[in-house]
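Shown next, in C-alpha cells, is the structure this report addresses.
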Amino acid sequence: MAFRFKQFQIEDDQSAMKVGTDAVLLGAWTQANHAKQILDIGCGSGIISIMLAQKTEALITGIEIDKKSADQASQNCNQSPWKQQLTIKSLSFQEFYKNNDSSFDLIVSNPPFFNNSLKSPKLNKRNSKHTVLLSFQELLLGTKKLLHPDGIANFIIPYSELAFFKETAALEGLYINHILLIKPKPDKEINRCMIKLKHSHAQYHQNILCIRNDDSSYTDEYKVFTSDYYLNF
C-alpha cells in the first residue's frame, strides 16, 4: 500500500528500509532553498529526495546500494511531480565519492547507524540499518570530499551515537552548526538527533522537538513541522 503525502506518494514494498518517521523528520527539517545540487546518501525508497524536490528547484541525486530499493526509488521519483529534478543511482557511496568530482551544495543522509546492536538476518535490511557496508568514518570522508566549501550536510542518527559522530566529523574537518534533539514523548528520553555540518568551525546551537503528547497524539509542534507533507496536518 502506498504512503500518500500531500503532493506525492511512496511505494516501499521492495525497499530494504520502509517509510518511517526518521526520513520524514530529516526531509522536513532540511532547508534546501539555497541548493542547486543535492546528494541523498542511502536514499532507500526515495522519500527524502522527493521531499526536498517539493521545496527546491535543485537537481537531486540519490545513491542506494540495494538494487531493489534503488529501482523502487526511481519509480517513486518518476511518478512524482518533480521527476525532471531527480536521479537515482544504484551503487555504493564509496564507489560514488571515489569516482565523482562533483560538488554538492547540500548533502543529506538517514544513514545505516547501528554499530553494535543485534543485526537482522535479512541481508538487505542489515546493510541498510547497520554500519556493515558504510561506517561513519567512510560516510563523513566522502561527505567532506563532495561537499561544496559553503555547503551544508544534514544527518539523522541515534542520540547515543552523537558524541562519536561529532568526534569523527571533526577529524574529517566537518563541524556541527546545529542540532535538533528528538523526543518521542515528554516522559521519554531523547532517542534521535538531527545534525547540520559545515566545513567551518562555529559555536553550534540546539533545540528539542517532541513528537507525541502523553496521550500519544501528535504535538502541535510536530504537526507544524511536517505540515507541508502529511495529509492530516
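The values are calculated or read from the model by the stated rules, or taken from the named source; none is laboratory data. Just so it is clear, the structure is predicted and the values come from calculations on it, not from any experiment. Virtual Cβ from ideal backbone geometry, glycine too; neighbours counted across all protein chains shown.
Before moving on, here are some points about what is shown:
- Positions within the stretch 93-113 being part of a loop (DSSP other than H, G, I, E, B) and under 21 Å from K18 (Cβ atoms), in sequence order: N110, P111, P112, F113
- Qualifying residue in the stretch 19-27 (condition: farther than 19 Å from L180 by Cβ, under 10 Å from the mean Cα position of the chain (by Cα), outside any strand (DSSP E or B) and modelled with pLDDT of 95 or more): no
- Residue count for the stretch 52-81, restricted to those that are touching a residue at least 40 places away in the same chain (Cβ under 8 Å) and more than 18 Å from the chain's Cα centre (by Cα): 6.
- Flag if T61 is modelled with pLDDT of 95 or more, part of a loop (DSSP other than H, G, I, E, B) and β-branched (V, I, T): no
- Verdict on F93 being among the aromatic types (F, W, Y) and surrounded by fewer than 23 Cβ atoms within 10 Å (Cβ to Cβ): no
- Residues that are surrounded by fewer than 23 Cβ atoms within 10 Å (Cβ to Cβ) and either out of contact with any strand residue (DSSP E or B) (no Cβ under 7 Å at 6 or more places or on another chain) or modelled with pLDDT of 95 or more (or both), drawn from the stretch 103-122: S103, D105, N115, N116, S117, L118, S120, P121, K122
- Any hit, the stretch 175-197, residues being over 17 Å from the mean Cα position of the chain (by Cα), under 24 Å from T61 (Cα atoms) and of a type outside the set (A, V, I, L, M): yes
- Filtering S74, S80, S128 for residues that are modelled with pLDDT of 95 or more, outside any loop (DSSP other than H, G, I, E, B) and not hydrophobic (A, V, I, L, M, F, W, C) leaves a single hit, S74.
- For the stretch 43-51, the criterion of being closer than 22 Å to T226 by Cα, assigned to a loop (DSSP other than H, G, I, E, B), more than 13 Å from the chain's Cα centre (by Cα) and not hydroxyl-bearing (S, T, Y) is satisfied by no residue at all.
- Subset of the stretch 61-80 (residues that are over 14 Å from M17 (Cβ atoms) and in contact with a Phe, Trp or Tyr (Cβ under 7 Å, 6 or more places away or on another chain)): S80
- Restricted to strands (runs of 3 or more DSSP E) entirely inside the stretch 135-232, those with at least 3 residues that are surrounded by 15 or more Cβ atoms within 10 Å (Cβ to Cβ) are 147-158, 175-183, 192-198.
- Applying the condition of being of a type in the set (F, W, Y) and surrounded by fewer than 21 Cβ atoms within 10 Å (Cβ to Cβ) to the stretch 1-53 and asking which residue is nearest to E221 (Cα to Cα) yields W29.
- For the stretch 196-214, the condition of being among the basic types (K, R), within 18 Å of G151 (Cβ to Cβ) and touching a His at 6+ places or on another chain (Cβ under 9 Å) holds for at least one residue.
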